1. Could you please find all residues in the range 45-63 being in contact with a helix residue (DSSP H, G or I) (Cβ under 6 Å, 6 or more places away or on another chain) and under 22 Å from residue 15 (Cα atoms)?
2. Output the number of the condition that residue 21 fails; it satisfies all remaining conditions of (1) surrounded by fewer than 14 Cβ atoms within 10 Å (Cβ to Cβ); (2) under 21 Å from residue 89 (Cα atoms); (3) at pLDDT below 95.
3. Determine which single condition residue 79 fails, assuming it passes every other condition in (1) over 14 Å from the mean Cα position of the chain (by Cα); (2) assigned to a helix (DSSP H, G or I); (3) buried (at least 16 other Cβ atoms within 10 Å of the Cβ).
4. Kindly check whether there is at least one residue in the range 105-128 that is assigned by TED's automatic domain parsing to the domain that holds residue 139, out of contact with any strand residue (DSSP E or B) (no Cβ under 9 Å at 6 or more places or on another chain), part of a helix (DSSP H, G or I) and more than 25 Å from residue 52 (Cα to Cα).
5. In the list 73, 66, 45, 145, which residue meets the criterion of being outside any helix (DSSP H, G or I) and over 19 Å from the mean Cα position of the chain (by Cα)?
6. Mind checking which residues of the range 1-28 are in a helix (DSSP H, G or I) and farther than 20 Å from residue 123 by Cβ?
7. How many residues does the range 78-104 contain that are touching a residue at least 12 places away in the same chain (Cβ under 8 Å) and farther than 30 Å from residue 31 by Cα?
8. Looking at the range 4-12, can you tell me whether even one residue there is surrounded by 15 or more Cβ atoms within 10 Å (Cβ to Cβ) and farther than 16 Å from residue 140 by Cα?
């Protein structure tokens with residue numbers, strides 16, 4: 001007879017699970033419309049640098065300098081940052097479920113996510129994720145992105 005191995009840790013993502021995706025295609029499309037940017041050009045420029053930004057090798061300011069502010073704009077970086085961060089919305093039911101399951105089953109919760117440093121810190125702070133998540137294995141700090149298997153070895 002096989003013995004059941006108890007589950008002690010729940011590995012989950014932030015974007016799409018606890019919160020909306022931080023900067024997905026839909027959010028970028030809204031940004032392009034709001035700031036009157038050419039979406040196709042912004043997407044082309046983004047593809048050249050996004051992995052590097054999420055791996056913590058470019059700051060948000062450097063990333064936006066390459067993707068948006070490579071030329072003079074009618075809006076400031078601060079305005080764009082605020083808009084970008086405002087795209088993050090909570091999934092209250094999932095946050096509550098995660099917090100309840102942690103307590104009920106004495107689980108450790110590890111968030112494994114691909115996010116740039118500034119957005120990651122904002123989302124953790126704004127939605128108080130550190131109130132129930134025990135560890136954050138974020139691409140911006142470990143310099144690896146999912147689905148690279150090494151990020152999961154670090155999380156383990």
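The values are calculated or read from the model by the stated rules, or taken from the named source; none is laboratory data. A quick note: this is a predicted structure, and the numbers were derived from the prediction, not measured. All Cβ positions, even for glycine, are placed from backbone atoms using ideal geometry, and neighbour counts span all protein chains on display.
1. Selection gives 46, 49, 53, 54, 55, 56, 58, 60, 63.
2. Looking at each condition in turn, residue 21 falls short on (1).
3. (3)
4. Within the range 105-128, not a single residue is assigned by TED's automatic domain parsing to the domain that holds residue 139, out of contact with any strand residue (DSSP E or B) (no Cβ under 9 Å at 6 or more places or on another chain), part of a helix (DSSP H, G or I) and more than 25 Å from residue 52 (Cα to Cα).
5. Details: 66 fails: outside any helix (DSSP H, G or I); 45 fails: outside any helix (DSSP H, G or I); 145 fails: over 19 Å from the mean Cα position of the chain (by Cα).
Exactly one of 73, 66, 45, 145 is outside any helix (DSSP H, G or I) and over 19 Å from the mean Cα position of the chain (by Cα), namely 73.
6. none
7. Residues meeting the conditions: 4.
8. yes
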